[in-house]
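The values are calculated or read from the model by the stated rules, or taken from the named source; none is laboratory data. Because the structure is predicted, anything quoted here is derived from the model rather than measured. Reconstructed Cβ throughout: ideal geometry from the backbone, glycine too, with neighbour counts over all protein chains shown. Keep in mind that these areas ignore ligands, DNA and RNA; they rest on the heavy atoms of the full protein, side chains included. Shrake-Rupley method; radii C 1.70, N 1.55, O 1.52, S 1.80 Å.
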Amino acid sequence: MAEKATAGSSGALVGGIGAPIANVLTIAGREFRAYFNGPMGYIVVTMFTLFVGILFFFLFGTLVLRKTTLQPMFQSMSALLPLLCAALSMRSFSEERQRGTIELLITLPVRDADVVVGKFFGSLGVLLVTLLATVTYPIAMSRMGDLDSGPVIGGYIGILLGGGAYIAIGMAFSSYMRDQLSSFIVTVLFLYVLWFVDKTLIFLPQGVSSVFEYLCSDFHFKSIARGVIDTRNLVYFATVITAGLMIAARSLSSRRWS
Amino acid sequence: MATDVMIEARDLTKRYGTYAAIDKLNFSIRRGEVVGFLGPNGAGKSTTMRVLTCFIAPSSGTATVGGNDVFEKPLAARSVVGYLPQRAPLYQEMGVIEYLQFVAKLRAISASEHKARIKKVVDICGLGDALTKDSIGELSKGFQQRVGLAQALLHDPPILILDEPTSDLDPIEKAEFIEYIKAIGRDRTVMLSTHNLAEVEQSCPRVLIVSKGKLAADGAPEDLANRSGKARYVFEIDADSQKSPSHARESSKLHVSIDELMESVRGIDKDLKVMSHASDPGSIAVQVLGDSARDYRRDLFNLAVQKQWTLLELRKDVVQLEEVFRELTVGDAKAGDRIAAAGLKKPEASKSAKDKDEDEDDESEDKE
């Protein structure tokens with residue numbers, strides 16, 4: 001309020017400093033709409049839904065198994081999620097820096113943290129829309145036979161949390177890179193390593209392998225997809241999201257690109 | 001109230017590694033002042049403005065905007081400033097109204113006022129025609145710059161910081177813009193950077209000139225021009241002067257080279273600055289810059305008589321602001337070329353800027 005009073009006393013100022021939550025929502029809304037103002041959002045949603053369908057039906061063999069289970073769909077999603085999230089997060093800062101728009105954004109009376117969190121929720125919103133588009137598969141499956149809703153809901157929560165973590169990681173990379181494509185490539189590589197870690201466990205000694213297992217994102221997806229949401233999984237995703245966003249905020253505050 | 005300091009920089013320094021983009025800048029700007037911020041590219045104009053708008057933090061020194069320290073109260077400082085960065089970087093995919101609404105929300109303008117405020121800036125900035133386009137990206141650069149200006153004015157800020165606001169405008173738009181700046185400058189503090197000196201002379205009662213990150217001059221454009229203590233002469237002769245019959249039996253041509261001409265003029269007084277000057281075909285001309293205490297027209301005329309050159313033109317000019325500017329920023333690589341590119345009133349003056357850059361006499365100390 002003290003700051004606002006200073007502002008008010010200096011002239012016929014109409015605006016002021018907004019509440020952090022209002023700013024986060026405004027920035028998230030703009031970010032979300034930016035995907036659908038251009039072709040980007042539609043391409044991402046369509047491609048993801050299509051590839052999940054292809055993997056689901058052909059590679060993971062639902063048609064062969066002839067069982068009404070969505071386990072293979074979540075496996076497909078988990079395998080494709082790094083690509084989706086890297087595509088969603090690459091533009092968050094790299095594009096703004098490339099075009100210079102970041103200068104106008106952060107010279108508005110908003111905190112750097114609000115910008116980062118707003119952008120995160122904007123991308124998360126697009127992820128949510130993408131996941132909603134894939135709901136057609138469970139609906140189709142439920143017509144083929146009885147579908148246990150517990151693992152389906154669990155699976156979606158797991159993918160959403162994991163996606164959030166991936167987006168936060170992608171934003172951290174994006175905040176350090178001027179070029180969207182490099183940001184995309186580095187994020188994809190990093191996320192696949194993170195996803196793949198538990199597939200190498202048999203080569204590792206016991207103590208090390210449990211650490212690596214905990215670090216692996218796919219391990220947590222599988223765990224949640226079983227329909228059991230464990231605190232361990234939640235802590236994992238919350239930690240990754242917080243760390244990613246903090247790194248991005250720090251990078252933004254340092255203005256290292258200017 | 002009229003003496004309120006709205007923008008103040010104290011020993012403001014921004015270093016990138018060992019390179020100081022701005023080096024101990026000191027100035028203050030009061031309420032109601034319209035100040036032109038001049039300097040060649042790389043002189044530190046944008047860096048200074050970015051520090052004042054809290055886009056980047058200074059390495060040392062302090063800056064206050066509307067009484068708010070940019071380091072300690074960045075949000076308060078930003079809320080009293082309307083800022084237009086260079087080349088107006090806007091979200092290309094957004095519509096004009098959509099974008100202004102976005103800014104209005106982040107500026108915490110109450111929702112009930114959005115419509116009225118947006119209508120006002122759309123009118124002020126002449127954006128009516130731009131509203132028919134779906135997105136900002138479809139607008140011309142000039143219109144995008146107007147949208148940038150509209151967002152800077154949206155919250156009716158007491159302070160406006162505009163980084164090269166006229167760079168993408170056509171001459172008519174520029175003239176309109178200058179008129180507009182004069183109008184809003186009556187009750188607001190405006191700091192605008194530009195390379196275009198003609199613009200500054202028209203719209204800014206005060207000018208700050210920066211060179212290599214340091215403040216080189218501060219004052220009214222007329223005062224700065226007078227303070228230079230220089231007078232400028234243009235001296236043009238026929239390149240193929242006719243020798244008079246008394247010196248040669250048959251009429252013959254005497255060819256004078258530009259080097260010879262410059263050398264001879266320098267012979268009058270070693271302190272004279274002599275530069276080549278644009279001339280008509282068949283003639284050669286120099287521009288001479290000398291101390292205003294002595295009138296060099298007599299010397300130049302006598303030189304022509306003595307050398308038997310046909311004198312075509314000899315005139316004395318008042319030193320223009322651009323001259324002062326060039327003097328003060330000597331050594332800033334190719335400054336003159338850039339000024340020329342930015343469009344000077346006198347194209348011939350800019351032509352000689354290069355010669356002057358090479359001439360390493362730094363006379364900036366007598367301007368301080």
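Please go through the residue pairs B:Lys141/B:Lys182; B:Lys105/B:Lys133; B:Lys45/B:Lys174; A:Lys119/B:Lys174; B:Lys45/B:Lys182; B:Lys73/B:Lys174 and name each one whose alpha carbons sit more than 28 Å apart in this structure. Intermediate results must be reported in sequence, preceding the final value.
On the way: B:Lys141/B:Lys182 23 Å; B:Lys105/B:Lys133 22 Å; B:Lys45/B:Lys174 20 Å; A:Lys119/B:Lys174 36 Å; B:Lys45/B:Lys182 21 Å; B:Lys73/B:Lys174 34 Å.
Where the Cα-Cα span goes over 28 Å, the pairs concerned are A:Lys119/B:Lys174; B:Lys73/B:Lys174.
Volume per residue, Å³, of the convex hull around the alpha-carbon atoms of the protein assembly as shown?
Values: hull volume 133.9 nm³, N = 626.
Given the Cα convex hull of the protein assembly as shown, per-residue volume reads 214 Å³.
Given a 1.4 Å probe, how much area per residue of the protein assembly as shown is accessible, in Å²? Intermediate results must be reported in sequence, preceding the final value.
Details: 27140 Å² over 626 residues.
Value for the protein assembly as shown: 43 Å² per residue.
At A:Ala243 and B:Asn41, where each label point lies 7 Å from the Cα along Cα→Cβ, what is the point-to-point distance in nanometres?
Placing both labels 7 Å beyond Cα along the Cβ direction yields 4.3 nm.
How large is the convex hull of the C-alpha atoms of the range B:119-236 per residue, in Å³? Each step should come with its number before you reach the end.
Values: hull volume 18.5 nm³, N = 118.
About 156 Å³ per residue, rounded to a whole number.
Within a Cβ distance under 13 Å of A:Thr200, other residues only, what is the Lys/Arg minus Asp/Glu net charge?
Numbers: positive: A:Lys199; negative: A:Asp198, A:Glu213, A:Asp218.
Taking every other residue near A:Thr200 into account, the sum is -2.
Please identify the helices of chain A, taking whole runs of DSSP H, that span at least 18 Å along their own axis as judged from the Cα atoms and have a mean Kyte-Doolittle score of 0.0 or higher. If you can, show how the numbers build up before the last one.
Values: long enough: A:20-37 (25 Å, 0.25); A:40-54 (21 Å, 2.09); A:71-89 (27 Å, 1.10); A:112-133 (32 Å, 1.62); A:149-176 (41 Å, 1.19); A:180-196 (24 Å, 1.92); A:231-254 (34 Å, 0.92).
Length and hydropathy pass: A:20-37, A:40-54, A:71-89, A:112-133, A:149-176, A:180-196, A:231-254.
Using Cα centres only, tell me the gap between the range B:148-185 and the range B:14-74 in whole Å.
Distance between centres, Cα-based: 20 Å.
How far apart, in nm, are two points set 7 Å out from the Cα along the Cα-to-Cβ line at A:Ser210 and at A:Val235?
Distance between label points: 1.3 nm.
Need the C-alpha centroid separation for the range A:223-254 versus the range A:116-186, integer Å.
So the separation of the two Cα centres works out to 13 Å.
Give the calculated FRET efficiency between A:Ala133 and A:Arg178 to the nearest 0.05, with a Förster radius of 30 Å applied to their Cβ-Cβ distance. List each step's numbers first, then the result.
Details: r = 32 Å, r/R0 = 1.05.
Rounded to the nearest 0.05, the efficiency is 0.45.
How big is the B/A interface in buried accessible area, both sides summed, 1.4 Å probe, to the nearest 100 Å²?
3600 Å²
Tell me the net charge near B:Ser257. Cut-off is 12 Å between Cβ atoms, B:Ser257 excluded, with +1 for each Lys or Arg and -1 for each Asp or Glu.
Numbers: positive: none; negative: B:Asp240, B:Asp259, B:Glu260, B:Glu263.
After counting each charged neighbour, the total is -4.
Once the other residues with Cβ under 11 Å from the Cβ of B:Ala20 are scored (Lys, Arg +1; Asp, Glu -1), what is the net sum?
Working: positive: B:Lys14, B:Arg15, B:Lys24, B:Lys212, B:Lys214; negative: B:Asp23.
Summing Lys/Arg as +1 and Asp/Glu as -1 gives +4.
With labels modelled as points extended 7 Å from the Cα through the Cβ direction, what inter-label distance (nm, one decimal) is found for A:Leu80 paired with B:Phe71?
5.2 nm
Report, to one decimal in Å, the Kirkwood hydrodynamic radius for chain A based on all distinct Cα pairs.
Values: mean 1/r = 0.0507 Å⁻¹.
Computed over Cα pairs of chain A, the Kirkwood hydrodynamic radius comes out at 19.7 Å.
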